[in-house]
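The structure under discussion appears below in the form of structure tokens.
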Amino acid sequence: MVAAQYFDTRSSRAHAVVLIVTDGEAILQDANGAELRRAPLASLRVSERIKRAPRLVTFDDGAYCEIADQATFDAMLAATGHREGLVSRAQNSWRLAGLSLLGLVVFVVFSYYYLLLWTATVVARSVPPSIEAQLGKATLDSLDQGLVEPTKLPQADQQRIRDNFAALRRPDDPGHHYQILFRKGGRLGANAVALPGGTIVVTDELVKLIGTGAGMMGVLAHEAGHVAERHGLQQVFQASVVGALAAYMVGDVSSLLATVPAAMMSMRYSREHEREADAYAVKILRDNRLPVTALADALQQLEDAHRKGEGKQAADDEESGFFSTHPLTRERIEAIRNGGE
């Protein structure tokens, strides 16, 4: 038996009682030993154990007992076969709480490195081509609103690059319509930007640096790889995973895509995406009997130009130019060169 305070719901006054458990029933007796009520154990609700807080035993009509003697009550519960829930045990166990925290950390790390990537990939590939094309146009409009300027590249150079790219044999890529547009880079510097849907924006500064030949074709093939694999959308969705997952679950991605143009302006491809786009470009160069090393040479030219910047210009280059969106490693250049052997 265990002492308790009984509240019968008819008044706010507490009644001093004794709770007894016998033959599968709970019996309440007053201070004189008179029985006040009894009920099957299965009909009672027992509150979770929370440190030194009183435990509550609630009857099906809302009346309840408040028990302060937790040690005696715990022994009584154990005798009836009652077992605390996992949450309750974790709340009162440093070991279980620590294990729960460790499990949460493991889940967060796993979600960040694997689940997040998988979710972004699934959502990006679920975007219909028509919406992707609209997104590309919206992103181009954002570029033209002050970030870039009208091109000053001679028409002959523009047409040469377009014709050479159109003549390339490329892997099938249904849903993407490729077009090459030119802009004076301004803050973008020497750069090529792949937009959703297949538009590739090439800056005058990039043409001036690497020319219109095989190196340019390698860079454009690299950008086409980003488009084909929808890397841009994946990167943006990874940055907004909650909204992306919600949009995918309800089957409506249009609301999420409204925020993508601005996000793409600050996007930086992952190294894995860069390796995939490099491999895509190498395959195109090989299939068209163009020197694979032309892409490596173009990247080397970009890196050399980047390194020449000094003082404020060098700091500005960190926030603009090809490498602001396409992280370069020596391993990438070497891998491309080796792929051409």
> If you check A68 against the conditions, is it modelled with pLDDT of 85 or more, among the hydrophobic types (A, V, I, L, M, F, W, C) and surrounded by fewer than 16 Cβ atoms within 10 Å (Cβ to Cβ)?
Replying inline: yes
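Would you check which residues across the range 56-76 are in a helix (DSSP H, G or I) and either over 16 Å from E25 (Cβ atoms) or among the acidic types (D, E) (or both) and list them?
Of everything in the range 56-76, those that are in a helix (DSSP H, G or I) and either over 16 Å from E25 (Cβ atoms) or among the acidic types (D, E) (or both) turn out to be Q70, A71, T72, F73, D74, A75.
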> Which is farther than 16 Å from I284 by Cα and out of contact with any strand residue (DSSP E or B) (no Cβ under 7 Å at 6 or more places or on another chain), of G232, G136, G218, G146?
Replying inline: G146
> Going through the range 307-341 one residue at a time, which ones are surrounded by 18 or more Cβ atoms within 10 Å (Cβ to Cβ), part of a helix (DSSP H, G or I) and either hydroxyl-bearing (S, T, Y) or at pLDDT 75 or above (or both)?
Replying inline: F322, S324, T325, R332, I333, I336
> Yes or no: L56 surrounded by 14 or more Cβ atoms within 10 Å (Cβ to Cβ), free of Cβ contacts under 8 Å to residues at least 60 places away in the same chain and within 15 Å of T72 (Cα to Cα)?
Replying inline: yes
>> For the range 190-215, give me each residue that is touching a residue at least 60 places away in the same chain (Cβ under 8 Å), more than 18 Å from Q145 (Cβ to Cβ) and in contact with a strand residue (DSSP E or B) (Cβ under 8 Å, 6 or more places away or on another chain).
In response: A190, A192, G198, L206
> Quick check: anything in the range 216-228 at pLDDT 90 or above, in contact with an Asp or Glu (Cβ under 6 Å, 6 or more places away or on another chain) and crowded, with 17+ Cβ neighbours inside 10 Å?
Replying inline: yes
> In the range 147-166, what residues are without any contact (Cβ under 8 Å) to a residue 24 or more places away in the chain and hydrophobic (A, V, I, L, M, F, W, C)?
Replying inline: A156, A166
> Looking only at the range 149-200, which residues are under 28 Å from the mean Cα position of the chain (by Cα) and among the polar types (S, T, N, Q)?
Replying inline: N191, T199
> Looking at the range 289-302, is at least one residue surrounded by 21 or more Cβ atoms within 10 Å (Cβ to Cβ) and at pLDDT below 90?
Replying inline: yes
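The values are calculated or read from the model by the stated rules, or taken from the named source; none is laboratory data. Keep in mind that what you see is a predicted model, and the values were worked out from it rather than measured. Neighbour counts run over all protein chains shown; Cβ positions are idealised from the backbone, glycine included.
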